[in-house]
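Here's the structure we're looking at; comments come further down.
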Amino acid sequence: MMKPLELAVGAVVAIAVAATIADTASGQTPPVDRGVTIQLAQADAAPPKAAAPVRYARASIEKTCGGVTYRLSTGTGKGTCASGVSVAECTDGAGNTARMYCERGCTLTTGSGACEEKRA
């Protein structure tokens, strides 16, 4: 399903192509400067992929950001931890959670959840 912006861009491109074809078919030289610039995306260029978080079936995890290592834990010995590019979180689903972001450090601890900083 196309998004509204994709539909609008597609319509503009289709109109520009149709006008150029009509001008060429009538023997006229297509105008070079109408004040419209169209840039087409390269088909071989893959869109940037966001790194999906990695989930671990354990109740603690370590995440290093620069010179700081964070140790997160649910504090209950149960739960799941996940680590992404600049975030990590542990939770057991029962209110024991710890979360950190590389740019902000430990941001959330609930219940028995813990987040500790270790500077190198």
Check your understanding: What's the extension gain from Leu108 to Val85 if we count 0.36 nm per residue and subtract their Cα-Cα distance?
Key -> 6.5 nm
Exercise for review: Would you mind counting up the charge near Gly111? Only other residues with Cβ under 14 Å from its Cβ, with Lys and Arg at +1 and Asp and Glu at -1.
Suggested key: 0
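If I stretch the segment between Arg58 and Ala94 completely, what's the gain in nm (0.36 nm per residue apart, minus their alpha carbon distance), one decimal? Don't skip to the answer; put the middle values down first.
Values: separation 36, 0.36 × 36 = 12.96 nm, distance 1.47 nm.
Roughly 11.5 nm would be gained on extension.
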**Study point:** Surrounding net charge for Ala82, when Lys and Arg each add one and Asp and Glu each subtract one, Cβ distance under 14 Å
**Key:** +1
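FYI, it's all coordinate maths here, none of it is from the lab. Bear in mind that the values here come from a model prediction, so they are computed numbers and not experimental data. Counting neighbours? That spans all protein chains shown, and the Cβs are built from the backbone with ideal geometry, glycine included.
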